1. Tell me, in nm to one decimal, what length is gained between residue 34 and residue 53 on full extension, where the rule is 0.36 nm per residue of separation less the Cα-Cα distance?
2. Provide the convex hull volume over Cα atoms per residue for region 1-63, in Å³.
3. Report, to the nearest whole %, how much of the accessible area of region 1-63 belongs to carbon and sulfur atoms, 1.4 Å probe, protein only.
4. Of 41, 63, 14, which is farthest along the charge dipole of region 1-63 in the positive direction, counting Lys and Arg as +1 and Asp and Glu as -1 at C-beta?
Amino acid sequence: MARKKVALDFEQSLAELQQLVERLESGELSLEDSLTCFEQGIGLTRDCQAALSQAEQKVQILLERDGKLQEAPFEVDPQA
């Protein structure tokens, strides 16, 4: 259940960040509101970066074999 929560938190944070960017790009916010949105965006960005860093570390652990890291190419599924 923890995996789903982390994934949902990441997806939710990313969606909120996208909404903040859209609001900032609209140009309709006051300076104070823009600064508030910017501050929230920085926090969300840090949350997303931390989640991505954790995911990268987990991938490295999963690829580790016999004490050595085996690099493997990342292949994107074109049907995904």
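The values are calculated or read from the model by the stated rules, or taken from the named source; none is laboratory data. Not measured: the values here are computed from a predicted model. Note that we place each Cβ from the backbone using ideal geometry, even for glycine, and neighbour counts take in every protein chain shown. Accessible surface areas use protein heavy atoms only, side chains included; no ligands, DNA or RNA. Shrake-Rupley method; radii C 1.70, N 1.55, O 1.52, S 1.80 Å.
1. Taking residue 34 through residue 53 to full extension adds about 4.0 nm, to one decimal.
2. Value for region 1-63: 73 Å³ per residue.
3. Summing carbon and sulfur atoms, their accessible area is 57 percent of the total for region 1-63.
4. The one lying farthest along the dipole's positive direction is 63.
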